[in-house]
1. Out of all the residues in segment 247-264, is one or more within 22 Å of Glu45 (Cα to Cα), modelled with pLDDT of 95 or more, in contact with a Phe, Trp or Tyr (Cβ under 6 Å, 6 or more places away or on another chain) and not aromatic (Phe, Trp, Tyr)?
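The values are calculated or read from the model by the stated rules, or taken from the named source; none is laboratory data. This is a predicted model, so every value here is computed, not measured. Here Cβ is always computed from backbone atoms with ideal geometry, including for glycine, and neighbour counts include all displayed protein chains.
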Amino acid sequence: MAKPSTRQGLIDYCLRKLGAPVLEINVADDQIDDLVDDAIQLFNERHFDGVERMYLKYKLTQEDLDRGQAKNTDGVGIVTTSATSTSISGYGTTTNSWYETSNFLQVPDSVVGIEKIFKFDSSTISGGMFSIKYQLFLNDLYQFNSVNLLQYAMTKSYLEDIDFLLTTDKQVRFNKRQDRLYLDIDWGAETVGNWLVLDCYRALDPTSFTQVYNDPFLKLYLTALIKRQWGQNLIKFKGVKLPGGIEMNGREIYDDAERELDSLRSRMANEYELPPYDFVG
């Protein structure tokens with residue numbers, strides 16, 4: 001019971017922390033469900049234990065290439081947006097059309113951040129044994145006639161600099177709320193069947209990884225959320241006398257929960273929060 005492993009088990013744990021079943025917690029089941037979703041969302045997006053670092057691979061299709069190579073004002077994947085100006089003295093009203101290529105790949109909703117894209121390079125200048133990069137590597141390695149670790153490290157760093165200059169990183173854009181990975185690349189240089197590998201972070205699904213429900217921060221945070229909702233529900237009864245002269249003070253419960261939430265948010269920022277992802281919009 002003290003280690004919840006299900007959604008309902010987590011809810012029951014938080015209600016007991018607030019006094020149930022000795023006290024009646026005046027919060028509706030639908031309200032609690034909403035609060036659980038809010039708590040898990042914050043846990044997935046900000047807590048370092050709420051995500052897993054993983055590598056996703058994707059195989060490019062002909063449809064992807066067609067959308068990426070679309071040009072001019074027509075073609076597969078061209079999106080048109082019109083903008084109309086207000087009346088301009090001497091010109092009247094003007095309408096401008098803007099065109100956007102749908103050069104994106106839809107990523108799973110569970111992906112919350114992308115660290116980097118591994119290079120997928122098929123150009124002739126940097127691919128194959130007759131490429132400039134290969135020949136430079138071969139020439140430098142031929143002169144590498146020492147097994148000294150310092151010299152090895154310096155040579156390796158130098159060769160990596162050559163690789164960085166000759167094979168530039170692909171320009172990408174990612175926004176979590178769109179679940180779209182935009183690739184600003186030369187789609188004409190790509191071929192069907194090329195593989196794209198993402199170094200990304202994926203939110204943990206509590207239904208698959210049930211230990212999430214027993215996370216100490218999540219339990220404290222959800223308890224404080226339910227407590228605040230409890231106080232919010234009781235605020236309208238302020239001043240109402242119950243039998244026996246008892247008066248409910250929802251404002252005090254609400255303010256106490258707000259202080260707890262502020263403290264937990266501060267702990268999140270100082271102890272549990274992940275650094276910003278490179279490509280989060």
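1. yes
Each row is one residue, and each column tells you yes or no for (1) at pLDDT below 95; (2) aliphatic (A, V, I, L, M); (3) not assigned by TED's automatic domain parsing to the domain that holds Val112.
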| site | (1), (2), (3) |
| --- | --- |
| Arg16 | no, no, yes |
| Arg46 | yes, no, yes |
| Gln62 | yes, no, no |
| Asp66 | yes, no, no |
| Gly92 | yes, no, yes |
